[in-house]
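Colleague: What follows is a structure written as structure tokens; I'll ask about it next.
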Amino acid sequence: MVNEADILKAISDLESQKTPQYAKTARKYNLEPSTLRRRYKGQTVSNQEATSIHRKLLTDAQEEVLLHHISKLSSRGLPPTPQILRNLVVELLQHDVGECWIRRFCHRYHDRIDSVYLKAIDHSRKVADNSVHFEHFYNTLTEKVKKYRISPSNTYNFDEKGFNIGLCRTEKRIVSKSQLRSKKLLGAIQDGSIEFITLIACICANGIAIPPALIYQGESGDLQDTWLKDFDGSREKAYFATSEKGWTNEELRFLWLTKIFDPYTKTKAGNLKRLLLTDGHSGHVNLRFIEYCDQNNIILGILPLHSIHQLQPLDIGIFPPLAGAYSHEIDRLTQLSSGFSRITKASFWRLFYAVWKLTLTLQNIRSAFAALGIHPFNPPKVLNILKKKIPSPISSDIENKRKTPGSEKSDLSEATQLALKALQKYAVQNEILEHQQQGLVDALIGEKKRQKRGRPLGLIDKDNPGEAQFFSPGRIEAARQQIQNIELQKEQGKIEAANRRTQKAFARQQKAQEIQERRETRIREREEKRRQEELEKEQLRVAREAQKEVKRAKERPAKQVNTKKRRYSKVIESNEEVSSKRPKTGISRSGRAINLPIRFRD
């Protein structure tokens, strides 16, 4: 095995020679001349260097690009955090890197970058230790604001807030002691839905807020019509998107920057620069994000690591009351419906937008920036009280306290007081019952609406279905109108089909009636014909009988006249007497012989 130390000594010896003598020097250090020649000319490297080159994820040119951006951010007073540096590397490589890569990279270029950029600031560290970083942040902020003349109307802060749409936060409640003693009351009922929706919020130091951007959980990438059934695009402004788990990603953040923030604020800013304060720890910033900001007059302000709960206006003055108000709305809905109402994506917008309007007021937004000394600019307000928790603006609610005659002393008689107490008791019970009834009715209506199967709005780009997309109110309203037109066409088609069915049924009925009438007519005609034929037959029979009778009358001989003499009268009379005693014999009218019955025969 070649000794690396001997090779280095031999190379040093060759460098001191006017003309390199490879064979002689190789024999001196017990090396192969060809090996020494290739190493001296740089054609090969040591095993350690070869392994290092093979394990490098970035080429030298890529690492130079990365070092250039680090230097650029540092010169602006915004040294990148480990997470931002990691994002830049992932952006260059298009795949993830190991957890130790950042440390190794800094070690390789220790002469150009300092490890202070990777120094983590723990939450457990004393707040006084962060004062240096906070002062540096405020000094840099002051410098940039003065240099670029950034006004409060062009100073923004954006961040993300996640919602488990059915989970309430822990709150103090009024409970029965007997239930507590029996240990049957384990907790307050909540919906329990863990479907996740992410909010991207952005506020301005002058007291306005950019319309919220909501990312729903959905695998298809398209919005369902039932999710936004309560959204009115003509009065309410918001943007919507979907992701597989309801989380943000680099594509959605970049899309928010380019399609929502920049167009919404560019007109107001004109040619002036805009300051966008954000958290650099949670992956908000990557190479493409930074470059777009540089190219569009947006100065990106990265807050110090682990300081968002102390230096970010949204986390100080907006998100806590927003989350509290939303939790209160869920609890109120659960109480009204006696636990029957479900919190789904279809009901989220109605609850969320109500607390959004309640929380993001002009006073609350300005108070959030003022509490951190950003506007009006007052860094000592934060630096001097780092050890104290900064109170967040709290939205006040008007509490209506019930006053009854029983709460004040009265000079009425005891019986009258008892009657009043009974009336008050029944009045309160009746009001509670009406309240519960209305809540149950609303819950049933909501449940019926929730059971309706949603349909895609058809907003995703068919040419690029996999790309992240935000949908504006205008596009949502257009899609809704298109669906309504399709529904109207379907309803019109159903009506026309029903009319056709009715017409066909009427035609069938008419046809059946005509067939029945023709059948009855045929039956009557046959009966009439039969009677006519019978009548004709009877007439024919009578005529035949008449003819036969005439014929028989013609064939009968004429009556003979008695020409015998008188002298034979006695003989005739005697014969008549004998014949009257016996049955007559002879020939019938039809010519048949008439025989004498046996009893008259001799």
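Colleague: For THR278, state whether it is out of contact with any Cys (no Cβ under 7 Å at 6 or more places or on another chain) and at pLDDT 90 or above. If you could, list the steps in order and put the result at the bottom.
Modeller: Values: out of contact with any Cys (no Cβ under 7 Å at 6 or more places or on another chain): yes; at pLDDT 90 or above: no.
So THR278 fails the test.
Colleague: Hey, another quick one. Given the options LYS146, LYS119, name the one that is modelled with pLDDT of 80 or more, of a type outside the set (Gly, Ala, Ser) and out of contact with any strand residue (DSSP E or B) (no Cβ under 9 Å at 6 or more places or on another chain). Can you show your working first?
Modeller: Numbers: LYS119 fails: modelled with pLDDT of 80 or more.
On inspection, the qualifying residue turns out to be LYS146.
Colleague: Go through ILE374, ILE390 for me and flag whichever is at pLDDT below 60, among the hydrophobic types (A, V, I, L, M, F, W, C) and either loosely packed, with under 13 Cβ neighbours inside 10 Å or in a loop (DSSP other than H, G, I, E, B) (or both). Show your work before the answer.
Modeller: Numbers: ILE374 fails: at pLDDT below 60.
Within the list ILE374, ILE390, the selection yields ILE390.
Colleague: Tell me which residues, restricted to region 523-555, are of a type in the set (Asp, Glu) and more than 30 Å from GLY591 (Cα to Cα). Break it down into steps so the answer makes sense when it comes.
Modeller: Let us first name the residues in region 523-555 that are of a type in the set (Asp, Glu), namely 525, 527-528, 533-534, 536, 538, 545, 549, 555.
Matches in region 523-555: GLU525, GLU527, GLU528, GLU533, GLU534, GLU536.
Colleague: Can you tell me how many residues in region 582-602 are at positive phi and at pLDDT below 70? Show your work before the answer.
Modeller: Step one: filter region 582-602 for residues at positive phi, giving 586, 591.
Checking the rest, the ones that are also at pLDDT below 70 come to 586.
Looking only at that region, the number is 1.
Colleague: Additional query: Every residue in region 235-272 that is exposed (fewer than 14 other Cβ atoms within 10 Å of the Cβ) and acidic (Asp, Glu), please.
Modeller: Within region 235-272, just GLU244 meets the criteria.
Colleague: Starting from region 335-352, keep only residues that are assigned to a helix (DSSP H, G or I), then list their pairs with residues that are surrounded by fewer than 15 Cβ atoms within 10 Å (Cβ to Cβ) and modelled with pLDDT under 80 whose Cβ atoms are within a distance under 8 Å, requiring at least 6 positions of separation or different chains.
Modeller: LEU336/HIS435; LEU336/GLN436; LEU336/GLN438; ALA346/LYS449
The values are calculated or read from the model by the stated rules, or taken from the named source; none is laboratory data. All values derive from a computational prediction rather than experimental measurement. All Cβ positions, even for glycine, are placed from backbone atoms using ideal geometry, and neighbour counts span all protein chains on display.
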